[in-house]
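Enquirer: Quick one: the structure is below, and I'll ask about it shortly.
The values are calculated or read from the model by the stated rules, or taken from the named source; none is laboratory data. All values reported here derive from a predicted model rather than from experimental measurement. Note that we place each Cβ from the backbone using ideal geometry, even for glycine, and neighbour counts take in every protein chain shown. Protein only, heavy atoms only, side chains kept; ligands, DNA and RNA dropped before computing areas. Shrake-Rupley method; radii C 1.70, N 1.55, O 1.52, S 1.80 Å.
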Amino acid sequence: MATYEERENGRWRAKIRLAGHPQESDTFPTKAKAMAWATVREQEIRDGAAGRPLRKTLGQAVDKFIEEVCPSHRAGKMEEKRLGVLVQESHPKVATLPRDKMLHQFTVADITAWRNKRSSQVSPGTVLREMSLLQSVFEHARRDWRWTTGNPFRDVRRPSKPQGRSRVISMAELEKLLDVLGYEEGRAPASLGEQIAYMLLLSLETGMRAGELNALEWRRVNLAGRFVTLDMTKNGESRDVPLSKRAGELLGHIKGIDKVKVFTIEPQTRDVLFRRAKKRTGLSEVNFHDARHTAATRIGKAGKLSLLEFTSMFGWKDPRMAMIYFNPTATDLASKLD
């Protein structure tokens with residue numbers, strides 16, 4: 001049964017003691033809210049002991065996931081927005097899952113039908129990411145919160161993983177983009193478009209991602225030592241990125257537009273302006289990440305770095321990623337033996 005205790009700060013603590021179950025407690029601003037929580041929680045405990053499924057909806061699971069799990073993820077804000085679109089009663093352009101449906105009522109057939117409809121709307125890569133996110137919500141509800149006993153996403157076949165992009169930005173394409181963005185050699189960026197141009201050029205020199213460049217601060221730039229330190233990267237670790245002479249020159253031109261940040265443009269603004277530049281140049285198929293791929297292709301073919309050095313520079317945990325770009329011919333290797 002539940003007991004209630006008024007705290008010195010005017011809040012109320014509810015305690016639940018049921019045989020065979022560890023004591024639970026929580027604090028609320030009013031006694032009414034404490035009693036409401038205890039009533040629901042006691043019934044949930046009894047249902048669980050009797051083997052009955054808890055009456056928890058997908059919407060409740062998503063809300064708890066957003067509150068407790070998303071903040072610990074680097075892409076938590078994006079996950080929150082994506083879940084807000086995917087989990088609702090209906091959407092004219094997006095296949096959704098109903099918020100008010102009980103978790104235990106979802107079946108493999110339900111998830112398969114959603115996957116098929118979603119696959120007709122977006123790319124396989126997007127479906128894979130969305131399935132992984134939704135599966136994580138169900139898994140936390142099953143494993144950590146004990147709100148359900150199953151996870152239907154586990155038994156649903158996933159779309160084939162798409163091949164990685166191998167797009168390389170040509171010199172002619174680069175010149176078109178730089179011209180539209182307003183870049184002038186040797187001149188400090190005076191507009192947001194020119195900042196994007198410098199970001200693009202630095203990515204081509206260093207292989208840094210757009211997000212890494214956006215987060216870069218001057219305290220992490222060592223022009224004398226010719227490297228920058230990235231505090232947090234996509235693989236969850238920091239890394240030092242070497243700077244070519246050209247990269248050092250570019251950073252030298254930028255220095256002064258802000259005391260703390262290397263770039264002041266916001267990621268969302270960067271994406272909008274870059275899309276506009278692509279549209280104006282007719283290069284809609286190019287994306288910013290292609291600059292990283294272009295850098296890796298150029299540096300890998302040059303063969304000046306060993307495989308381990310190459311892997312370290314680009315921050316790959318698996319050296320097999322580097323093998324996509326690091327592929328010297330037998331003749332190249334033979335010349336190094338002399």
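Enquirer: What FRET efficiency comes out for Leu18 versus Ala109 if R0 is 35 angstrom and r is the Cβ-Cβ distance? Round to the nearest 0.05. The partial results should precede the final answer.
Expert: Details: r = 36 Å, r/R0 = 1.03.
The calculated FRET efficiency here is 0.45.
Enquirer: Of the beta bridges DSSP finds with both residues in the chain, what % are antiparallel, to the nearest 5? Show your work: numbers first, answer last.
Expert: Working: 19 of 20 bridges.
Percent antiparallel among DSSP bridges in the chain is about 95.
Enquirer: Further question: Determine the relative contact order of the range 142-298: mean sequence separation of Cα pairs under 8 Å and six or more apart, normalised by residue count, in whole percent. Let's see the in-between values first.
Expert: Numbers: 167 pairs, mean separation 49.6, N = 157.
Reported as a whole number, the value is 32 percent.
Enquirer: I would also like to ask the following. For Cα Rg over 2.2 N^0.38 Å, pick the label among (i) 1.32; (ii) 1.01; (iii) 1.54 that corresponds to the value derived from the coordinates.
Expert: Of the listed options (i) 1.32; (ii) 1.01; (iii) 1.54, (i) comes from this structure.
Enquirer: Another one. Quick one: divide the alpha-carbon radius of gyration of the range 168-250 by 2.2 N^0.38 Å and tell me what you get. Don't skip to the answer; put the middle values down first.
Expert: Working: Rg = 13.1 Å, N = 83, 2.2 N^0.38 = 11.8 Å.
Its radius of gyration relative to the 2.2 N^0.38 Å reference: 1.11.
Enquirer: Right, next: In straight Cα distance, which lysines are under 28 Å from Lys15, not counting same-chain residues fewer than 8 positions off?
Expert: Cα-Cα hits under 28 Å: Lys31, Lys33, Lys56, Lys64.
Enquirer: Let me ask another. Between Rg and the Kirkwood Rh of the range 101-173, both from Cα atoms, what is the Rg to Rh ratio? Intermediate values should be presented prior to the final figure.
Expert: Values: Rg = 16.4 Å, Rh = 14.0 Å.
Rg divided by Rh gives 1.17.
Enquirer: Could you state the orientation-averaged shadow area of the convex hull built on the Cα atoms of the range 79-229, in nm² to one decimal? Mind showing how you got there, number by number?
Expert: Details: hull surface 55.5 nm².
Mean projected area of the Cα convex hull: 13.9 nm².
Enquirer: Continuing with the same structure: Using only protein heavy atoms and a 1.4 Å probe, report how much of Glu139 is accessible, in Å² to the nearest 10.
Expert: Near enough 30 Å² of accessible area.
Enquirer: Give the whole-number value, in cubic angstrom per residue, of the convex hull volume spanned by the C-alpha atoms of the range 230-331. Don't skip to the answer; put the middle values down first.
Expert: On the way: hull volume 15.6 nm³, N = 102.
Expressed per residue, the convex hull around the Cα atoms of the range 230-331 is 152 Å³.
Enquirer: How are the alpha carbon pair distances in the range 1-107 distributed across 5 Å bins from zero to the largest one, expressed in percent?
Expert: Pairs per bin, as whole percents: 2, 11, 15, 14, 16, 16, 13, 9, 3, 1, 0.
Enquirer: Can you flag which of Lys255/Lys278; Lys245/Lys301; Lys279/Lys304; Lys255/Lys304; Lys301/Lys336; Lys81/Lys101 are past 24 Å Cα-Cα?
Expert: Lys255/Lys278; Lys279/Lys304; Lys255/Lys304
Enquirer: OK, next. Based on DSSP H runs of at least 4 residues, each adding -39500 (n - 2.57), what is the mean residue ellipticity at 222 nm of the chain after dividing by all its residues, to the nearest 500 deg cm²/dmol? Numbers along the way, then the final one.
Expert: Working: 14 runs with 159 residues, N = 338.
Taking each H run of at least 4 residues, the total per residue is -14500 deg cm²/dmol.
Enquirer: Also: Percent antiparallel among DSSP beta bridges with both residues in the range 1-157, to the nearest 5? Walk me through the intermediate numbers first.
Expert: On the way: 12 of 13 bridges.
The antiparallel fraction comes to roughly 90 percent.
Enquirer: Sticking with this one: Can you find, among Met313, Leu201, Gly282, the residue farthest towards the positive end of the dipole of the chain? Put +1 on the C-beta of Lys and Arg, -1 on that of Asp and Glu.
Expert: Gly282
Enquirer: Add +1 for every Lys or Arg and -1 for every Asp or Glu among the other residues with Cβ under 14 Å from the Cβ of Ile257, and state the total.
Expert: Values: positive: Arg187, Lys255, Lys259, Lys261; negative: Glu194, Glu217, Asp258.
Counting the neighbours of Ile257, the net charge comes to +1.
Enquirer: With r defined as the distance between the Cβ atoms of Glu6 and Glu139 and R0 fixed at 56 Å, what FRET efficiency is calculated, to the nearest 0.05? Mind showing how you got there, number by number?
Expert: Working: r = 38 Å, r/R0 = 0.68.
About 0.90, to the nearest 0.05.
Enquirer: First obtain the Kirkwood hydrodynamic radius of the range 51-93 from its Cα pairs, then insert it into the Stokes-Einstein equation at 4 °C and 1.567 mPa s, and state the resulting D in µm² per second as a whole number.
Expert: D = 112 µm²/s.
Enquirer: Quick check: Cα centre of the range 206-237 to Cα centre of the range 285-338, how many Å?
Expert: The distance from the Cα centre of the range 206-237 to that of the range 285-338 comes to 19 Å.
Enquirer: What FRET efficiency would be calculated for the residue pair Thr149, Asp318, taking the C-beta separation as r and a Förster radius of 35 Å, to the nearest 0.05? If you can, show how the numbers build up before the last one.
Expert: Values: r = 35 Å, r/R0 = 1.01.
Efficiency computed from Cβ-Cβ geometry: 0.50.
Enquirer: A further question on this structure: Run the reach check for Lys317 against lysines, Cα to Cα strictly under 18 Å, same-chain hits fewer than 8 apart removed. What comes back?
Expert: Lys234
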